[in-house]
Amino acid sequence: MHLTDRQDWARSRILHWWNLCHDRFGIAEHARANPPTVLFSNRLVTTAGLASSRKGYVKLSLHFLYREEQASYDETIGHEVAHIFADRFYNVRCKHDWRWQEVMRKIGLPPARCHQHTSAIKRPRKPRLPYICPCGKGYSIGPTHLKRIKLGKRYACTVCRRQIILSAPPEIFTNPSNKVPIRGSIGCATTNGN
């Protein structure tokens, strides 16, 4: 199937799931909201689709649309449509809560948060730094929090409220050739004189 045929198929499935949501919740045809706009993206390679209720669109990955079986990808389309329908029906952002799950069940789809697609591109995870506070609470600090710490943001242990600080130069953490020991590379300092 050619890519434009797949895009036409995806548009028709958006309408199918949109109408099915309205049917299962007993909404008359004249009272139905406009269906979401369909956007296609070459940039989505780790996410099969996403929905924006506020902007009223479903964005689908061309990577997955072209490579996945239609039956498998159809669940993703239904999943994203259910997000927009649930948010509009309940007038709150539902994410993957019980309201969204109810919509999924009523349209006959499993209320799964993620799908396992065979063509998913696995990106290597950035290393996380283990940290154990002297109070015993364990943490792992990823690259985003590490960057914020280097820029001066302060984080506190959720148990003892001590400030988490780096006890080694930040270059040790950002240079992949350095071996970071499990203990001793991040320290904890007392804040507020405690």
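Summary table
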| quantity | calculated |
| --- | --- |
| Enumeration of residues in segment 1-26 that are open to solvent by 40 Å² or more (accessible area, probe 1.4 Å) and closer than 22 Å to K106 by Cβ | S12, R13, L15, H16, N19, D23, R24, G26 |
| Extreme residue, surrounded by the fewest Cβ atoms within 10 Å (Cβ to Cβ), among residues of segment 63-72 that are without any contact (Cβ under 8 Å) to a residue 60 or more places away in the chain and part of a helix (DSSP H, G or I) | A71 |
| Any hit, segment 28-48, residues being open to solvent by less than 60 Å² (accessible area, probe 1.4 Å), part of a helix (DSSP H, G or I), under 19 Å from L15 (Cβ atoms) and among the β-branched types (V, I, T) | no |
| Selection from segment 49-62 of residues that are open to solvent by 30 Å² or more (accessible area, probe 1.4 Å) and in contact with a Leu (Cβ under 7 Å, 6 or more places away or on another chain) | Y57, K59 |
| Qualifying residue in segment 159-181 (condition: at pLDDT 75 or above and of a type in the set (V, I, T)) | yes |
| Criterion: touching a helix residue (DSSP H, G or I) at 6+ places or on another chain (Cβ under 6 Å) and either under 14 Å from R113 (Cβ atoms) or open to solvent by 10 Å² or more (accessible area, probe 1.4 Å) (or both) - qualifying residue of R88, R93 | R93 |
| Among (1) under 19 Å from L3 (Cβ atoms); (2) in contact with a strand residue (DSSP E or B) (Cβ under 8 Å, 6 or more places away or on another chain) - the single one H63 does not satisfy | (2) |
| Subset tally (residues that are out of contact with any strand residue (DSSP E or B) (no Cβ under 7 Å at 6 or more places or on another chain), more than 11 Å from F85 (Cα to Cα) and not polar (S, T, N, Q)) for segment 1-44 | 19 |
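The values are calculated or read from the model by the stated rules, or taken from the named source; none is laboratory data. Computed from a predicted structure; not experimentally measured. Please note: Cβ atoms are built from the backbone with ideal geometry, for glycine as well, and neighbour counts cover all protein chains shown. Heads up: the accessible areas ignore ligands, DNA and RNA and are worked out on the full protein's heavy atoms, side chains in. Shrake-Rupley method; radii C 1.70, N 1.55, O 1.52, S 1.80 Å.
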